[in-house]
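Peer 1: Quick one: this structure, given as structure tokens, is what I'll be asking you about.
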Amino acid sequence: MGEETSLQVDALKLIGVYDFSAHESGHLAYHVVARGEITLSPELAEYRLYAPAEVRCWPAGTGYALADWLKSRGHAPQFIELPPRPSN
């Protein structure tokens, strides 16, 4: 994490493991408590801070990780509706 953001990790907790079948892989999601000042890098072009009530989850992979994190913090996750995929 320090390499991408220059933050120092104080605590790390696994949220879960999530399927990312579109790329035949999986994602490990963590809740990280960190300190320091975020520094942009080639791997982090920009960032934004949101209050938990402002975020919306998406019904796939890391969207479920975000929903699980919100629930663990006492917030009810709200999901966006994805547009249908075009048929080929």
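The values are calculated or read from the model by the stated rules, or taken from the named source; none is laboratory data. This structure is a prediction, so every number in the text was calculated from the model and none was measured. Cβ: placed from backbone, ideal geometry, glycine included. Neighbour counts: every protein chain shown. When the accessible area is computed, the model is the full protein with side chains, heavy atoms only, and any ligands, DNA or RNA have been set aside. Shrake-Rupley method; radii C 1.70, N 1.55, O 1.52, S 1.80 Å.
Peer 1: Restricting to the range 5-59, what's the tally of residues that are of a type outside the set (Ser, Thr, Tyr) and part of a loop (DSSP other than H, G, I, E, B)? Outline the logic, then answer.
Peer 2: Applying the first criterion (of a type outside the set (Ser, Thr, Tyr)) to the range 5-59 yields 7-17, 19-20, 22-24, 26-29, 31-38, 40, 42-46, 48-49, 51-59.
Retained after the next criterion (residues that are part of a loop (DSSP other than H, G, I, E, B)): 7, 24, 36-38, 40, 42-43, 45-46, 48-49, 51, 55-56, 58-59.
Matching residues across the range 5-59 total 17.
Peer 1: Could you please find all residues in the range 58-88 being without any contact (Cβ under 8 Å) to a residue 40 or more places away in the chain and hydroxyl-bearing (Ser, Thr, Tyr)?
Peer 2: Ser87 - this is the single residue of the range 58-88 that is without any contact (Cβ under 8 Å) to a residue 40 or more places away in the chain and hydroxyl-bearing (Ser, Thr, Tyr).
Peer 1: Would you confirm whether any residue within the range 43-55 is touching a Gly at 6+ places or on another chain (Cβ under 9 Å), surrounded by 13 or more Cβ atoms within 10 Å (Cβ to Cβ), touching a residue at least 24 places away in the same chain (Cβ under 8 Å) and not hydrophobic (A, V, I, L, M, F, W, C)?
Peer 2: Scanning the range 43-55 turns up no residue that is touching a Gly at 6+ places or on another chain (Cβ under 9 Å), surrounded by 13 or more Cβ atoms within 10 Å (Cβ to Cβ), touching a residue at least 24 places away in the same chain (Cβ under 8 Å) and not hydrophobic (A, V, I, L, M, F, W, C).
Peer 1: Further question on the same structure: Going through the range 39-88 one residue at a time, which ones are over 27 Å from Gln8 (Cα atoms) and among the small types (Gly, Ala, Ser)?
Peer 2: Scanning the range 39-88 gives Ala60, Ala76, Ser87.
Peer 1: Continuing with this model, one more query. Would you point out which residue out of His27, His31, His23 is open to solvent by 90 Å² or more (accessible area, probe 1.4 Å) and of a type outside the set (Asp, Glu)? Lay out the reasoning, then the answer.
Peer 2: Details: His27 fails: open to solvent by 90 Å² or more (accessible area, probe 1.4 Å); His31 fails: open to solvent by 90 Å² or more (accessible area, probe 1.4 Å).
Just one listed residue meets the conditions, His23.
Peer 1: Restricting attention to the range 9-20, and to residues there that are open to solvent by less than 100 Å² (accessible area, probe 1.4 Å) and not small (Gly, Ala, Ser), which single residue is farthest from Ala60 (Cα to Cα)? Lay out the reasoning, then the answer.
Peer 2: So the first thing to find is which residues in the range 9-20 are open to solvent by less than 100 Å² (accessible area, probe 1.4 Å), and the list is 9-11, 14-16, 18, 20.
From what's left, not small (Gly, Ala, Ser): 9-10, 14-15, 18, 20.
Details: Val9: 27, Asp10: 29, Leu14: 18, Ile15: 15, Tyr18: 9, Phe20: 8 Å.
It comes out as Asp10.
Peer 1: What are the residues in the range 60-86 that are more than 24 Å from Ser6 (Cα to Cα), outside any loop (DSSP other than H, G, I, E, B), modelled with pLDDT of 95 or more and open to solvent by less than 60 Å² (accessible area, probe 1.4 Å), if any?
Peer 2: Ala67, Asp68, Leu70 - these are the residues of the range 60-86 that are more than 24 Å from Ser6 (Cα to Cα), outside any loop (DSSP other than H, G, I, E, B), modelled with pLDDT of 95 or more and open to solvent by less than 60 Å² (accessible area, probe 1.4 Å).
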